[in-house]
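Down below is the structure, laid out as C-alpha coordinates.
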Amino acid sequence: MPTVESVDAWIRFNVLDSQAWTSSERKYVAFVQANRTLSRSYSEAALTDELIAYQAIWELQGLDPALKYQKQGVKSVSDGSDRIDYNPRDVIAPDVRMILGTPLYEIEEEEESSPPLFGGTLL
(Lines give C-alpha, C1' and ligand atoms only; values in the text may rest on other atoms or scores of the structure.)
Protein backbone atom coordinates (compact mmCIF):
# COMPACT_ATOMS: atom_id res chain seq x y z
CA MET A 1 0.00 0.00 0.00
CA PRO A 2 1.50 3.35 -1.03
CA THR A 3 2.53 5.89 1.58
CA VAL A 4 3.59 9.52 1.28
CA GLU A 5 7.19 8.42 1.78
CA SER A 6 7.06 5.70 -0.90
CA VAL A 7 5.39 8.07 -3.36
CA ASP A 8 8.00 10.74 -2.57
CA ALA A 9 10.80 8.24 -3.25
CA TRP A 10 9.17 7.13 -6.51
CA ILE A 11 8.89 10.75 -7.68
CA ARG A 12 12.53 11.53 -6.79
CA PHE A 13 13.82 8.63 -8.90
CA ASN A 14 11.33 8.66 -11.78
CA VAL A 15 9.91 12.12 -12.53
CA LEU A 16 11.87 14.95 -14.16
CA ASP A 17 9.23 17.67 -13.81
CA SER A 18 8.52 17.25 -10.10
CA GLN A 19 8.68 20.87 -8.95
CA ALA A 20 5.01 20.97 -7.94
CA TRP A 21 5.63 18.03 -5.58
CA THR A 22 9.09 18.92 -4.26
CA SER A 23 8.16 22.54 -3.49
CA SER A 24 4.85 21.66 -1.84
CA GLU A 25 4.37 21.85 1.90
CA ARG A 26 1.10 19.92 1.58
CA LYS A 27 2.33 16.59 0.23
CA TYR A 28 0.18 14.57 2.61
CA VAL A 29 -3.01 16.36 1.50
CA ALA A 30 -2.04 15.91 -2.18
CA PHE A 31 -1.40 12.21 -1.50
CA VAL A 32 -4.79 11.76 0.19
CA GLN A 33 -6.63 13.69 -2.52
CA ALA A 34 -4.91 11.74 -5.32
CA ASN A 35 -5.68 8.45 -3.58
CA ARG A 36 -9.33 9.43 -3.15
CA THR A 37 -9.74 10.64 -6.75
CA LEU A 38 -8.22 7.46 -8.18
CA SER A 39 -10.19 5.18 -5.83
CA ARG A 40 -13.43 6.78 -7.01
CA SER A 41 -12.50 6.77 -10.69
CA TYR A 42 -10.83 3.35 -10.86
CA SER A 43 -12.39 1.34 -8.05
CA GLU A 44 -11.11 -1.99 -9.43
CA ALA A 45 -7.49 -0.89 -9.96
CA ALA A 46 -4.68 -1.57 -7.51
CA LEU A 47 -3.22 1.85 -6.73
CA THR A 48 0.56 1.94 -6.95
CA ASP A 49 3.16 4.55 -6.01
CA GLU A 50 3.46 5.44 -9.69
CA LEU A 51 -0.26 6.11 -10.18
CA ILE A 52 -0.62 8.13 -6.99
CA ALA A 53 2.56 10.07 -7.79
CA TYR A 54 1.31 11.13 -11.21
CA GLN A 55 -2.11 12.07 -9.83
CA ALA A 56 -0.68 13.97 -6.82
CA ILE A 57 1.59 16.02 -9.09
CA TRP A 58 -1.40 16.72 -11.37
CA GLU A 59 -3.46 17.87 -8.36
CA LEU A 60 -0.65 20.14 -7.14
CA GLN A 61 -0.11 21.63 -10.60
CA GLY A 62 -3.81 22.52 -10.57
CA LEU A 63 -3.15 24.93 -7.69
CA ASP A 64 -1.51 27.32 -10.15
CA PRO A 65 -3.66 30.49 -10.11
CA ALA A 66 -4.05 30.43 -13.90
CA LEU A 67 -5.33 26.85 -13.76
CA LYS A 68 -7.86 27.69 -11.05
CA TYR A 69 -9.86 29.59 -13.67
CA GLN A 70 -9.82 26.50 -15.84
CA LYS A 71 -11.10 24.30 -12.99
CA GLN A 72 -13.95 26.75 -12.43
CA GLY A 73 -15.07 26.50 -16.05
CA VAL A 74 -13.79 29.88 -17.26
CA LYS A 75 -13.40 29.69 -21.05
CA SER A 76 -11.14 32.73 -21.55
CA VAL A 77 -9.56 35.70 -19.78
CA SER A 78 -8.80 38.97 -21.57
CA ASP A 79 -6.68 41.95 -20.59
CA GLY A 80 -6.57 44.55 -23.31
CA SER A 81 -5.19 42.85 -26.40
CA ASP A 82 -3.99 39.80 -24.46
CA ARG A 83 -6.25 36.77 -24.23
CA ILE A 84 -5.89 33.32 -22.69
CA ASP A 85 -8.26 30.56 -23.80
CA TYR A 86 -8.79 27.54 -21.56
CA ASN A 87 -9.78 24.04 -22.55
CA PRO A 88 -11.48 21.92 -19.89
CA ARG A 89 -8.91 20.39 -17.51
CA ASP A 90 -9.27 16.68 -16.91
CA VAL A 91 -9.68 15.47 -13.33
CA ILE A 92 -7.42 12.50 -14.04
CA ALA A 93 -3.72 12.98 -14.78
CA PRO A 94 -2.82 12.20 -18.41
CA ASP A 95 -0.19 9.65 -17.34
CA VAL A 96 -2.73 7.83 -15.16
CA ARG A 97 -5.26 7.84 -17.99
CA MET A 98 -2.62 6.41 -20.34
CA ILE A 99 -1.88 3.55 -17.90
CA LEU A 100 -5.39 2.73 -16.63
CA GLY A 101 -7.56 3.86 -19.52
CA THR A 102 -10.99 5.49 -19.32
CA PRO A 103 -12.25 6.20 -15.78
CA LEU A 104 -15.52 4.65 -14.57
CA TYR A 105 -17.50 7.89 -14.56
CA GLU A 106 -16.86 8.38 -18.28
CA ILE A 107 -17.86 4.80 -19.09
CA GLU A 108 -21.11 5.25 -17.15
CA GLU A 109 -21.85 8.52 -19.00
CA GLU A 110 -21.35 6.79 -22.35
CA GLU A 111 -23.71 3.97 -21.36
CA GLU A 112 -26.38 6.45 -20.24
CA SER A 113 -26.13 8.53 -23.41
CA SER A 114 -26.54 5.64 -25.85
CA PRO A 115 -30.15 4.80 -26.67
CA PRO A 116 -31.45 1.35 -25.77
CA LEU A 117 -31.23 -1.10 -28.63
CA PHE A 118 -33.88 -3.78 -29.00
CA GLY A 119 -33.65 -6.85 -31.26
CA GLY A 120 -33.99 -6.64 -35.01
CA THR A 121 -31.61 -6.95 -37.89
CA LEU A 122 -29.66 -4.51 -39.93
CA LEU A 123 -30.39 -4.50 -43.64
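Select from region 23-56 the residues that are part of a helix (DSSP H, G or I), among the aliphatic types (A, V, I, L, M) and without any contact (Cβ under 8 Å) to a residue 12 or more places away in the chain and list them in ascending order. Explain how you work it out, then say what you get.
First, the residues of region 23-56 that are part of a helix (DSSP H, G or I): 27-41, 49-56.
Applying the additional criterion that residues be among the aliphatic types (A, V, I, L, M) yields 29-30, 32, 34, 38, 51-53, 56.
Passing the criteria: 29, 32.
Listed conditions (1) under 14 Å from residue 95 (Cβ atoms); (2) modelled with pLDDT of 95 or more; (3) in a helix (DSSP H, G or I) are all met by residue 20, apart from (2).
Taking the condition of being in a helix (DSSP H, G or I) and acidic (Asp, Glu), how many residues in region 2-17 meet it? Lay out the reasoning, then the answer.
From region 2-17, those in a helix (DSSP H, G or I) are 4-14; that's our starting set.
If we keep only those that are acidic (Asp, Glu) too, we end up with 5, 8.
Going through region 2-17 one residue at a time, the tally reaches 2.
Identification of helices (runs of 4 or more DSSP H) wholly contained in region 57-119 with 1 or more residues that are modelled with pLDDT under 75 and surrounded by 14 or more Cβ atoms within 10 Å (Cβ to Cβ) yields 65-71.
The values are calculated or read from the model by the stated rules, or taken from the named source; none is laboratory data. All figures in this text were calculated on a predicted structure; none of them were measured in a lab. Methodologically, a virtual Cβ is constructed for each residue, glycine included, from the backbone with ideal geometry; neighbour enumeration extends over all protein chains shown.
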